[in-house]
Amino acid sequence: MLDKKIILSAFGLALMFESAFMILCAVVSLIYGDTDLQALMISSAITFFTGGICWFFNKTNHKVQLKRESFIIVTTVWVVMSIFGALPYLLSGAINNFTDAFFEAISGFTTTGASVINDIEALPHGILFWRSITHLIGGMGIIVLAVAILPYFGFGGMQLYNAEAAGVVNDKLHPKITRTAKSLWGIYVLLVALETIFLILGGMPLFDALCHSFSTVASGGFSTKNDSIAGYSPYIQYVIIVFMLFAGTNFSLFYFLGRGNWKKFISNSELKVYLYITFITTVFIAITLISLDHFPAEESFRASLFQVSSIITSTGFVTADYTSWHPYITFIFFILMFSGACVGSTSGGIKLFRHMILFKSIQIEFKRMTHPQAIIPLKIGNKSISVEVIYKVLAFLMLYATICAIGIFSLTLTGMNVESASGAVATSMGGIGPGLGTVGPIHNFFAVPAIGKWILSALMLLGRLELFSVLILFSTNFWRHH
């Protein structure tokens, strides 16, 4: 039987945690003397009160081992937090309907960065800070953060961590899962602090520097400016490029690097592929812009490196309208939307490790055609990949492609054209932000029909939680009594 008390207790803790961040935004509002102070205080009070009731009447005094409950908590906590995360937008008048407010909130928590707000610069500071805070919370995963805290309240964290970090391989840095979660969050916070300092050194005000750092390290993409990063200096653009690339790197590698284990960092085959693709694609696009469009060399390199880094890491910041470049460049960016960066990073998308397994599997099949009796292990670097992992990856890729196809078809039924629907689905599943066509880098998602926004919200959650953690809830086996 499912233990409903555990689920409600977890909701309560998550909401009380969320309300604390709303208070932080209220403090920002107070500092700037903005009109959104009351809205943030009321939002925090409602969220805390609801969370407090859920937790107080369902708290448990003994340590609990979660089984099926972990999958329900992982998926539904994001939805519950997004429902309450919509309150500051609604109560402040920044967004005037629930569909749009929920879309903005879940886009923040899933670090997608797709927005429905037309004039971002007109928003008060508290609401701008709240948008960026949703990225901060969602970046390393609400649940990974909860794993660091929940044991103090009697929860076992391993199942939650595995359901949240449902990647190909889970790199436990410590035998204790709580210490792993704390180490990852420590690296995360350190990167945010470093980027904030470098942005301030480039002349960016503290408020904007914090908001952009939250968005960069989370691979989110919400900016405090209508033109995203386009209006900032080359120095600031380069700083953001570097930290976007950091955010797309497996955080475990930073841990090993900090412990002096350079070899583990340098020899990581996924990291090599990630940097190789970024470099090759950047050079190709830059040469195109220089030779065909006569852009200045440095500007071409910076613009192409920025957009490639932004899309492969699923951050979604923009400095240029890449859809106005050559059609084949737009197609390259569309393909990159399905790439993703490294496993264990804050980036969305399919992740390169899975692509590497797919291509190695294809290579092995060609070898087997000429050597039918040969036993050929699939290796990534020096590591043999088990058949179980290979099947899991191939199932994931098939499922991802199927869901994308269904999503695109569903959006065309709402009246969107195929280009815009394809871009919207790719960017929502990959957690990127800007898409193509009417949802491209110089547009947003405001004009998407309401039903389309709900479809895209579901796709954001599916993509962020890597499909299986969500879809298992729709399996009849899951709900059978054990």
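From the list Thr224, Thr249, which residue is over 30 Å from Tyr32 (Cα atoms), of a type in the set (S, T, N, Q) and in a loop (DSSP other than H, G, I, E, B)?
Details: Thr224 fails: over 30 Å from Tyr32 (Cα atoms).
Answer to the check: Thr249.
Just one of the numbered conditions (1) buried (at least 17 other Cβ atoms within 10 Å of the Cβ); (2) assigned to a helix (DSSP H, G or I) is not true of Val242; which one?
(1) is the only condition that Val242 fails.
Name, by its number, the condition in (1) modelled with pLDDT under 95; (2) out of contact with any Lys or Arg (no Cβ under 9 Å at 6 or more places or on another chain); (3) buried (at least 22 other Cβ atoms within 10 Å of the Cβ) that does not hold for Phe222.
Phe222 satisfies all of (1) modelled with pLDDT under 95; (2) out of contact with any Lys or Arg (no Cβ under 9 Å at 6 or more places or on another chain); (3) buried (at least 22 other Cβ atoms within 10 Å of the Cβ) except (2).
Scan region 248-272 for residues that are open to solvent by 40 Å² or more (accessible area, probe 1.4 Å) and at pLDDT 90 or above and jot them down.
Lys272, the sole residue that qualifies.
Of all the residues that make up region 164-203, how many are at pLDDT 65 or above and of a type in the set (D, E, K, R)?
3
When you look at Gly433, is it farther than 30 Å from Ile266 by Cα and either over 18 Å from the mean Cα position of the chain (by Cα) or open to solvent by 60 Å² or more (accessible area, probe 1.4 Å) (or both), yes or no?
Details: farther than 30 Å from Ile266 by Cα: yes; either over 18 Å from the mean Cα position of the chain (by Cα) or open to solvent by 60 Å² or more (accessible area, probe 1.4 Å) (or both): no.
Against the criterion (farther than 30 Å from Ile266 by Cα and either over 18 Å from the mean Cα position of the chain (by Cα) or open to solvent by 60 Å² or more (accessible area, probe 1.4 Å) (or both)), Gly433 does not qualify.
Any chance region 86-102 includes a residue that's closer than 24 Å to Cys211 by Cβ and open to solvent by 70 Å² or more (accessible area, probe 1.4 Å)? First the steps, then the outcome.
At the first step, the residues of region 86-102 found to be closer than 24 Å to Cys211 by Cβ are 86-96, 100-102.
Those left that are additionally open to solvent by 70 Å² or more (accessible area, probe 1.4 Å): 91, 96.
Looking through region 86-102, at least one residue is closer than 24 Å to Cys211 by Cβ and open to solvent by 70 Å² or more (accessible area, probe 1.4 Å).
Residues to consider are Ala401, Ala426; find the one that is within 29 Å of Asp321 (Cβ to Cβ) and open to solvent by 50 Å² or more (accessible area, probe 1.4 Å).
On the way: Ala426 fails: open to solvent by 50 Å² or more (accessible area, probe 1.4 Å).
Only one candidate passes the filter, namely Ala401.
If you take the residues of region 3-32 that are charged (D, E, K, R) and more than 12 Å from Val80 (Cβ to Cβ), which of them is least open to solvent (accessible area, probe 1.4 Å)?
Taking region 3-32 as the starting set, the residues that turn out to be charged (D, E, K, R) are 3-5, 18.
Retained after the next criterion (residues that are more than 12 Å from Val80 (Cβ to Cβ)): 3-5.
Details: Asp3: 60, Lys4: 136, Lys5: 105 Å².
Among them, the one singled out is Asp3.
Out of the residues in region 199-216 that are small (Gly, Ala, Ser) and touching a helix residue (DSSP H, G or I) at 6+ places or on another chain (Cβ under 6 Å), state the one that is surrounded by the most Cβ atoms within 10 Å (Cβ to Cβ). Lay out the reasoning, then the answer.
Initial filter on region 199-216 (small (Gly, Ala, Ser)): 202-203, 209, 213, 215.
Filter once more, so that each one left must be touching a helix residue (DSSP H, G or I) at 6+ places or on another chain (Cβ under 6 Å): 202, 209, 213, 215.
Working: Gly202: 17, Ala209: 22, Ser213: 27, Ser215: 35.
Going through the qualifying residues, I end up with Ser215.
Exactly one of these conditions fails for Thr196: (1) surrounded by 17 or more Cβ atoms within 10 Å (Cβ to Cβ); (2) within 23 Å of Ala303 (Cβ to Cβ). Give me its number.
Answer for Thr196: the failing condition is (2).
With the requirement that a residue be of a type in the set (Lys, Arg) and in a loop (DSSP other than H, G, I, E, B), what does region 2-60 give you? Talk me through it step by step, then tell me what you get.
Going through region 2-60, the residues of a type in the set (Lys, Arg) turn out to be 4-5, 59.
The answer is Lys59, and nothing else.
Could you name every one of the helices (runs of 4 or more DSSP H) located completely within region 318-416 that has at least 2 residues being polar (S, T, N, Q) and free of Cβ contacts under 8 Å to residues at least 40 places away in the same chain?
Details: elements: 327-336, 352-370, 387-413.
Fully inside region 318-416 and qualifying: 352-370, 387-413.
Given (1) at negative phi; (2) buried (at least 23 other Cβ atoms within 10 Å of the Cβ); (3) of a type outside the set (D, E, K, R), identify the lone condition not met by Ser228.
(1)
Among Ser420, Ser457, which is the only one that is free of Cβ contacts under 8 Å to residues at least 40 places away in the same chain, open to solvent by less than 50 Å² (accessible area, probe 1.4 Å), within 29 Å of Phe353 (Cα to Cα) and polar (S, T, N, Q)?
Ser420
Residues that are open to solvent by less than 60 Å² (accessible area, probe 1.4 Å) and closer than 21 Å to Gly435 by Cβ: does region 293-300 have at least one? Walk me through it before giving the result.
As a first pass, look at region 293-300 and keep what is open to solvent by less than 60 Å² (accessible area, probe 1.4 Å): 293, 300.
Still in the list and also closer than 21 Å to Gly435 by Cβ: none.
The answer is no; no qualifying residue exists.
For region 88-99, enumerate the residues that are at negative phi and either out of contact with any Leu (no Cβ under 9 Å at 6 or more places or on another chain) or among the hydroxyl-bearing types (Ser, Thr, Tyr) (or both). Steps first, please.
As a first pass, look at region 88-99 and keep what is at negative phi: 88-92, 94-99.
Selection gives Tyr89, Leu90, Ser92, Ile95, Thr99.
The values are calculated or read from the model by the stated rules, or taken from the named source; none is laboratory data. Treat the numbers as computed from the prediction; the structure is a model and nothing was measured. Cβ sites come from the backbone with ideal geometry, for glycine too, and all protein chains shown count toward neighbours. The area values use the complete protein model at the heavy-atom level, side chains included, leaving out ligands, DNA and RNA. Shrake-Rupley method; radii C 1.70, N 1.55, O 1.52, S 1.80 Å.
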